Amino acid sequence: PRAQYTTSVRSNMQNQGLYEKFPAEAAMLTGFKQFLIDTLEVPHCQQEVDNVSRMLRFIQPNGDEVNLDFLVKSTETQDFLNKLKGAKMGPATILNYIKNMIQFVEYLKTHLNFASADPDFHRKCQSYMDLLKSLRKPVAKANSKVTCKTRYDRFVQGQRSLHDCQRLLRVAKKTCWVFTGSSLKSSVWLQTRRHCFPVLLRSHPDPETLPKTGSSGRNDTKCSRWAPTIQRVAKYISEEGWTANHPRPQDIVSKWRPANKTQVESDPGIMRMVRRQKWSGLAIMDFGGNKGHGVVATKHFEVGSIVCDYHGKLITKAEGNKMMESTEGEKGFLFFFNDLCIDAQTFPCECHPSQDTAGRKMNHSKKRFNVKPLHCKMKFPEGERDIILFQATKDIAINDELLFDHGVRRKSFHSEAMALLWLDS
C-alpha cells in the first residue's frame, strides 16, 4: 500500500504523482548507485538514487527500464522542477534533485557502449547537463534569499544557528562535563553530546555563559585522577535534572581512561591534594616484625590512577648525598631524581607538622610493584614545583598493599646490602 504523508510538501507531491519511481532493480539505477558508492564515495546514497528515479519516472511515465530519451526532453525536465516548486518544496531540496541528475548523466558518460551505439551520445549528455545547470541558477538564487532571510530572522529573534550550536559544543567539550572531563574517549563524548546537548543548549544558550569549572559550577577534577563511581555519575546526572535521553552512568564509567601527563600537571585537584596531603583511599598500616609500616588501599584504584605523591622538602642531589653520609641508621626516605632529591627523612615536614604522609611509607618491591613514580612540573600560584606522583600500574583492590620499586639493589652502596635478600623480591 502507498504511504500516506501528513506534511504539506509530501502530501502535495503525492497528489501530483511526484513520488512515483522506477523499480529499484532497474539496471541504470543499480549501476548509478554503485557509481555513487565506489567512485564518488557516497556510502549512504539511497536518497540520491530515489531523487533521480522520481525525476526520470515523471519524464518517462511508462516502462520498467530507463531509456536515454530523457536526454532530449527538456520541456518535461522543466515541468518536473516547476511542479516541485508548486508543491511548496524548498529551493535547497530542488537543488539536490538537479545535483543528483547531473551526477546521473556523468555516470552515463562512463558507459562506452552507449557512445558506440549513438555517435551523438556525448553531445546529448553535455547539452542536457547544460540545461540542468541553467535551470539551477534561479533556484540557487532563491535558496540564497531563503538562507539570508533565515539568518536575519534568527539574528533579530535571538535564535541560535547551526554555527552557534557547533561553537557551544566546542566550548562544552572542554568545560561542561564534570563526570567525563578529559579522561573519557571521544566516543563517549559523542554519545553524551547526542543525548544531552538539547538540555545543555536550553540551559546555556550563550557559550560565554558556560561555567568554567563544570556544568554545575563545581571545580571537581577527581575524575581525571581516578575513575568515578557509578553512584557518583548518577548523582551528577540527577543534579542536572536529566531524567531521559542521557547516557547510562555505567556506560560512562566503563569508558574512563586515565589522564595523560600534561593533563595531570595542570590538574587543580591534584595540586590541592599535594598541598593538603589528604589523599583518599590510603591507610598507613603497621605490619609488625621486620617489615614495619606500609600503605594499603581502602578503595579500588584503576590502572593509571594517581594514588598520591612522595611528599617532602625539595633539595639538591648533593645535599641529599651529604644527608646520607651524615645520617646514621635508616636512610630510606630520600628520593633522588635527575639532579634533585626529595627529603622525606626529615619528619615531620615543616608544612604538615601534625601528620605522616603516605608516599614515604610505601614499601619496596622489584617484581610485585603496583605503582610507579611520575615526575611532574606543576604550576602552583607561588611558582613551578617538581613533584613526584605515584601512578597505579595495574588495578589495585581494597586491602592491597601499595608497592613501588625503590631502585635499590643488593649491590647498591658498595654491596653493603648483599645480605638483604628482600631487595630482589
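Values computed for the structure shown
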{"read-out": "In region 106-133, the residues that are surrounded by 13 or more Cβ atoms within 10 Å (Cβ to Cβ) and small (Gly, Ala, Ser)", "value": "115, 127"}
{"read-out": "Residue 81 vs. criteria of a type outside the set (Gly, Ala, Ser), touching a Cys at 6+ places or on another chain (Cβ under 8 Å) and open to solvent by less than 30 Å² (accessible area, probe 1.4 Å)", "value": "no"}
{"read-out": "One residue from 94, 102 being in a helix (DSSP H, G or I), more than 17 Å from residue 126 (Cα to Cα) and β-branched (Val, Ile, Thr)", "value": "94"}
{"read-out": "Residue in region 320-332 that is open to solvent by 50 Å² or more (accessible area, probe 1.4 Å), of a type outside the set (S, T, N, Q), in contact with a strand residue (DSSP E or B) (Cβ under 7 Å, 6 or more places away or on another chain) and part of a loop (DSSP other than H, G, I, E, B) present", "value": "no"}
{"read-out": "Cross-chain or 6+ apart pairs with Cβ under 8 Å, region 395-407 first and in contact (Cβ under 8 Å) with a residue 24 or more places away in the chain and at positive phi, then open to solvent by 40 Å² or more (accessible area, probe 1.4 Å) and assigned to a loop (DSSP other than H, G, I, E, B)", "value": "399/298"}
{"read-out": "Pick from region 381-425, criterion part of a strand (DSSP E or B) and loosely packed, with under 12 Cβ neighbours inside 10 Å, ranking: modelled with the highest pLDDT", "value": "384"}
{"read-out": "Helices (runs of 4 or more DSSP H) within region 248-303 that include 1 or more residues small (Gly, Ala, Ser) and exposed (fewer than 14 other Cβ atoms within 10 Å of the Cβ)", "value": "249-254"}
{"read-out": "In region 37-76, the residues that are more than 24 Å from residue 115 (Cβ to Cβ), without any contact (Cβ under 8 Å) to a residue 40 or more places away in the chain and among the hydrophobic types (A, V, I, L, M, F, W, C)", "value": "42, 45"}
{"read-out": "Hey, residue 378 part of a strand (DSSP E or B) and surrounded by 12 or more Cβ atoms within 10 Å (Cβ to Cβ) or not", "value": "yes"}
{"read-out": "Residue 67, sole failed condition from (1) open to solvent by 80 Å² or more (accessible area, probe 1.4 Å); (2) of a type in the set (S, T, N, Q); (3) within 20 Å of residue 35 (Cα to Cα)", "value": "(1)"}
{"read-out": "Check on residue 179, at pLDDT below 80, more than 21 Å from residue 48 (Cα to Cα) and open to solvent by less than 30 Å² (accessible area, probe 1.4 Å)", "value": "yes"}
{"read-out": "Flag if residue 367 is modelled with pLDDT of 85 or more and loosely packed, with under 13 Cβ neighbours inside 10 Å", "value": "yes"}
{"read-out": "Options 87, 92: the member that is under 25 Å from residue 10 (Cα atoms), at pLDDT below 95, surrounded by fewer than 16 Cβ atoms within 10 Å (Cβ to Cβ) and among the hydrophobic types (A, V, I, L, M, F, W, C)", "value": "92"}
{"read-out": "Filter pass, residue 33 being in a helix (DSSP H, G or I) and of a type outside the set (A, V, I, L, M)", "value": "yes"}
{"read-out": "Residue check for residue 14: open to solvent by 10 Å² or more (accessible area, probe 1.4 Å) and modelled with pLDDT of 90 or more", "value": "no"}
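Residue by residue, here is whether (1) modelled with pLDDT under 90; (2) under 22 Å from residue 8 (Cα atoms); (3) not in a helix (DSSP H, G or I) holds:
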site: 43; (1), (2), (3): yes, no, yes
site: 62; (1), (2), (3): no, no, yes
site: 66; (1), (2), (3): no, no, yes
site: 80; (1), (2), (3): no, yes, no
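The values are calculated or read from the model by the stated rules, or taken from the named source; none is laboratory data. Please read these numbers as outputs of a predicted model, since none were measured by experiment. Ideal geometry is used to build each Cβ from the backbone, glycine not excepted, and the neighbour counts take in all protein chains shown. The area values use the complete protein model at the heavy-atom level, side chains included, leaving out ligands, DNA and RNA. Shrake-Rupley method; radii C 1.70, N 1.55, O 1.52, S 1.80 Å.
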